[in-house]
Amino acid sequence: MKKFNKRTYQNITQFLSDIKFLFKNRKTIKQINNGELINKSFQERLMLAVTGVNNCRYCTYYHSRLALDAGITSEELAEILEGTVDNSPKEEQLALLYAQHWADQKGNPDQDFKDELINNYGEKKAEIIETAIKTINFGNLMGNTFDYFLYKITFGLLGNS
C-alpha cells in the first residue's frame, strides 16, 4: 500500500485549537470572505498558496474555480499551486510567499518573516492575511483528514490522489 502523503490533523487538540480560532474570528473571516478586508483575487491567491503546500484536492478544486471567477488566469493559478508567485501582483508576492512558508512550517513561521509581513502591510492587514491563511489551512487539513479516513477504510485505494 502506497504511503499516505498529505498533511492531516495529528490530534484532537490541534483540531479544537483551530475550531476555537475560527469561532473567535468569525466576524473577520466573514468580512474576508465578503471581500470587505482584502479583494477577492488576493484572497484566492492566498488560498491557493496554502492549498498548494497542503495538497488538498477539495480546496484545490473549489478555490481554483473561485480564482478563475475573480479574474486570475489559469496560468497564474497553476503557478501558485506549484509554489511560484513571480507572475502574481508585485504588491501581493510577499504575502503569498509568507502564506506558503506559514503552511510549510505548519503554522510556525520564522519571526523575521512575520515581522517583514507586518512591516510591509501594517499590523492590521498582516493580521487579516494570517487569518485568511489559518482559515484555508483548516479547510485543507479537514479535507486531507477526510481523505486519510478514505485511504484507511479502502486499504489505500481511495483518498491519496
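Structure summary
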| quantity | calculated |
| --- | --- |
| Total residues in the stretch 25-55, condition closer than 30 Å to residue 153 by Cβ, in contact (Cβ under 8 Å) with a residue 40 or more places away in the chain and crowded, with 19+ Cβ neighbours inside 10 Å | 6 |
| Any hit, the stretch 127-143, residues being open to solvent by 20 Å² or more (accessible area, probe 1.4 Å), more than 14 Å from residue 7 (Cα to Cα) and over 15 Å from the mean Cα position of the chain (by Cα) | no |
| Residue within the stretch 9-24 that is part of a loop (DSSP other than H, G, I, E, B), within 26 Å of residue 156 (Cβ to Cβ), under 14 Å from the mean Cα position of the chain (by Cα) and of a type outside the set (S, T, N, Q) present | no |
| Considering residues of the stretch 98-126 that are touching a residue at least 40 places away in the same chain (Cβ under 8 Å) and open to solvent by 10 Å² or more (accessible area, probe 1.4 Å) only, the residue farthest from the chain's Cα centre (by Cα) | 125 |
| Positions within the stretch 68-86 being exposed (fewer than 13 other Cβ atoms within 10 Å of the Cβ) and assigned to a loop (DSSP other than H, G, I, E, B), in sequence order | 71, 73, 86 |
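The values are calculated or read from the model by the stated rules, or taken from the named source; none is laboratory data. Owing to the predicted nature of the structure, the values given are computational and were not obtained by experimental measurement. We place every Cβ from the backbone using ideal geometry, glycine too, and count neighbours over all the protein chains shown. Note: accessible area is taken over every heavy atom of the protein model, side chains too, but ligands, DNA and RNA are not part of it. Shrake-Rupley method; radii C 1.70, N 1.55, O 1.52, S 1.80 Å.
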